[in-house]
Amino acid sequence: MTDEGEAGEGAVASPTAPAAPPERGAPAERQGRPTSPWPARLRRWGTDLALVIAVVVGVQWWHARDLVDRGTAAPPLSLTSLDGEPVELSSFAGRAVLVEFWATWCPVCRREFAALNAVASSPGCDCAVISVVDDSDDLTYLRTFVSERDIEYPVLLARPSTTRDWQVGAFPTEYVIAPDGTIASQHVGLATRWGMRLRLWMASRSG
């Protein structure tokens, strides 16, 4: 015989008895709350972002693998500008120079015009920006193209040997030349104005 209120061996809970509290650390769905989808989404987005970055870096490395090596002397560059003026890279000795190789048909190149204008007009920067356009056969079209897009930095007309000498295989390709005339950095593909400024700043202190 048991006392009143005390359950004996084999007793079961009465329908009116209060439910036992959920176990500590039990999953949310066992406690009657839906699981938030955000952790899984964030993990998926992080994985996707890492994959995109890996692909971009891989493509840039592939296009840049045959460029002129850093630390070596920049190839000679003596061309005529769209204005008919002779321009030589050697005339910029003592300054960091960004040399941009591009083409009018290249959509990525067009996205860099504003950034290059901003870098070329940066106050207090003892540096220079020049560009070399690959498809320079039709000067009338090229002058209209440059004028309509407000390109403010010098545009030089490439010769057939120019891209070969600089080992350019894709557009846009950017070289930054140190004040001592050696190649400080190379970049293939879309670049930001902050990336350009950073590479020029680093080059100005390395040569």
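The values are calculated or read from the model by the stated rules, or taken from the named source; none is laboratory data. Just so it is clear, the model here is predicted, and its values are computed rather than measured. Here Cβ is always computed from backbone atoms with ideal geometry, including for glycine, and neighbour counts include all displayed protein chains. Calculation scope for accessible area: heavy atoms of the full protein, side chains included, ligands and nucleic acids excluded. Shrake-Rupley method; radii C 1.70, N 1.55, O 1.52, S 1.80 Å.
Taking the range 151-207 as the region of interest, the strands (runs of 3 or more DSSP E) fully inside it that hold 1 or more residues being over 23 Å from D138 (Cβ atoms), touching a residue at least 12 places away in the same chain (Cβ under 8 Å) and polar (S, T, N, Q) are 183-188. Across the range 119-141, the number of residues qualifying as surrounded by 13 or more Cβ atoms within 10 Å (Cβ to Cβ) and either part of a loop (DSSP other than H, G, I, E, B) or within 17 Å of the chain's Cα centre (by Cα) (or both) comes to 6.
Inclusion of V168 among residues that are β-branched (V, I, T) and closer than 21 Å to S81 by Cβ is warranted. Within the range 74-118, the set of residues being of a type in the set (S, T, Y), part of a helix (DSSP H, G or I) and within 24 Å of the chain's Cα centre (by Cα) is empty. Residues that are surrounded by 14 or more Cβ atoms within 10 Å (Cβ to Cβ) and β-branched (V, I, T) were ranked within the range 142-163; the one that is farthest from R199 (Cα to Cα) is V146.
The residues of the range 168-182 that are within 21 Å of the chain's Cα centre (by Cα), open to solvent by 30 Å² or more (accessible area, probe 1.4 Å) and modelled with pLDDT of 95 or more amount to a single one, F171. Evaluated against (1) under 23 Å from M202 (Cα atoms); (2) modelled with pLDDT of 95 or more, A93 falls short on exactly one condition, (2).
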